[in-house]
1. Find the percent of Cα-Cα distances in segment A:113-197 that exceed 21 Å, and round it to a whole number.
2. Within chain B, what is the longest stretch that has no trypsin sites (Lys or Arg not before Pro) placed in a DSSP loop and near at most 14 other beta-carbon atoms within 10 Å?
3. Need the list of lysines near residue B:121 for cross-linking: C-alpha distance under 19 angstrom, and skip anything on the same chain fewer than eight residues off.
4. Aspartates and glutamates near residue A:216 by alpha-carbon distance under 13 Å, same-chain residues fewer than 8 away left out - which ones?
5. Report, in degrees rounded to the nearest 10, the 0 to 90 angle that the Cα long axis of helix B:165-175 makes with the longest principal axis of chain B.
6. Binning every alpha carbon pair distance of the protein assembly as shown at 10 Å from zero, what are the percents per bin?
7. Measuring from a point 7 Å out along Cα→Cβ, what nm distances, shortest first, does residue A:215 have to its partners in the other copies?
8. Using alpha carbons only, how many degrees (0 to 90, rounded to 10) separate the axis of helix B:44-55 from the longest principal axis of chain B?
There are 2 protein chains.
Amino acid sequence: AIVQAVAARFGAGPLAGKRVLLTAGPTREFLDPVRFISNPSTGKMGMALAHAARTLGAEVTVVLGPVGTVERGGLDIVDVVSADDMAREVLSRVGTVDVFIATAAVSDWRPETRAPQKVKKGASTSPEALTLVRTPDVLAEASRQVAGQPKRPVLVGFAAETERVVAHARDKLERKGLDAIVANDVTAPGAGFGTDTNRVTVLTRSGAQHELQGSKREVAQALIELLLVSPS
Amino acid sequence: AIVQAVAARFGAGPLAGKRVLLTAGPTREFLDPVRFISNPSTGKMGMALAHAARTLGAEVTVVLGPVGTVERGGLDIVDVVSADDMAREVLSRVGTVDVFIATAAVSDWRPETRAPQKVKKGASTSPEALTLVRTPDVLAEASRQVAGQPKRPVLVGFAAETERVVAHARDKLERKGLDAIVANDVTAPGAGFGTDTNRVTVLTRSGAQHELQGSKREVAQALIELLLVSPS
């Protein structure tokens, strides 16, 4: 690890000269100044991947949704809140990188309007309808944007699923034109949101399938090795 | 501080023998296994109050919504997720305490139904309606429950507002039958959600009004002193 850290510092290592763009964490879609729709992502898996790529010599930018305190050293971090913010920051960068890894749990819907002041509860206790509209699909839009480029970045997606995990992930890989997708069952014990461990299935465009498990750090190192250092 | 810590350990201090119940953090109201409605509360102010009361000798129970890593030493912590969970844990305890301080940012609405599996986006991009219903008002229900008790606990509320802060807080104090309410403008710089500092206005049933500001720890100590040690 010391050798790799030194290598990273001097721009050496197997990923030296590579530019990696990552998204991590959740997004928040506010309906007024204090209420939002979100998900339990803590950004741990994405940050572990970012540090693993950095340690192997890559230049890493993370477009990061709202998370608690994370280790930021050695990374270029762009903080964002909403899916719209994340899409804008990704689309302005993805054309110039070698690899784009989309780990963020982007909200798929946002409230159609955002009230300028906190909505008071009022006396009525009858049900209310909140109108939701779709957010941009950051990974699909990035994929479309780079599709015609002479040197297209490697595109890696993540799929957090609760059922039919591999089938949903394979479908997402094809639909979004990805090189690989990392799928996990977020309802499985020791996997998914907020845990320190993970168990994932990696599917590649060529049809290969790999299973990885361990601490998020171990899984991150294995993923970077598998996808970027010695891709099959 | 050392003297106070020692005092707390041996059950001494101005709040020795007092039982304090607190709520802290946000709640999460899930619409499927991975998506929820919530707010940016980090539980910092509530946890600072809990530790301040403990340091002065109180026995402190915190009903805590989902937050990151917090200092749990010396406190009895009950972890919860939703407003329904929080209401249940509070209502089973509030009848036997001396003080109830409701700092949690409880979601006012929850999705009417919770899908058993992650809702897939599907092909349609047209707006969708999410039906919301009201959650229990934890503080109001606690207040009603103890209203007839011979020795009613001191009830302290918090009001996170974005406009007409004092008026909204005064209304809440009266409507919920509180002894005091701590109001802050969560849109003001250096106050409210996720910050390390706070600036609050304390209103009491007797009509007194106090302004406090500083780090959340300093504000917490001043609040405990003002409300519990030497109430005016």
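Since every read-out is calculated from the coordinates, none of them should be taken as a lab result. Source: prediction; values computed, not measured. FYI the Cβ positions are ideal-geometry reconstructions off the backbone, even for glycines, and counts take in every protein chain you see.
1. Tail fraction, whole percent: 55.
2. Counting only loop sites that pass the neighbour cut-off, the longest clear stretch is B:1-71.
3. Partners within reach: A:172, A:176.
4. A:196
5. Tilt of helix B:165-175: around 80 degrees.
6. Calculated over all Cα pairs of the protein assembly as shown, the distribution is 4, 19, 27, 21, 16, 9, 3, 0 percent.
7. 3.0
8. With both axes taken from Cα atoms, the answer is about 30 degrees.
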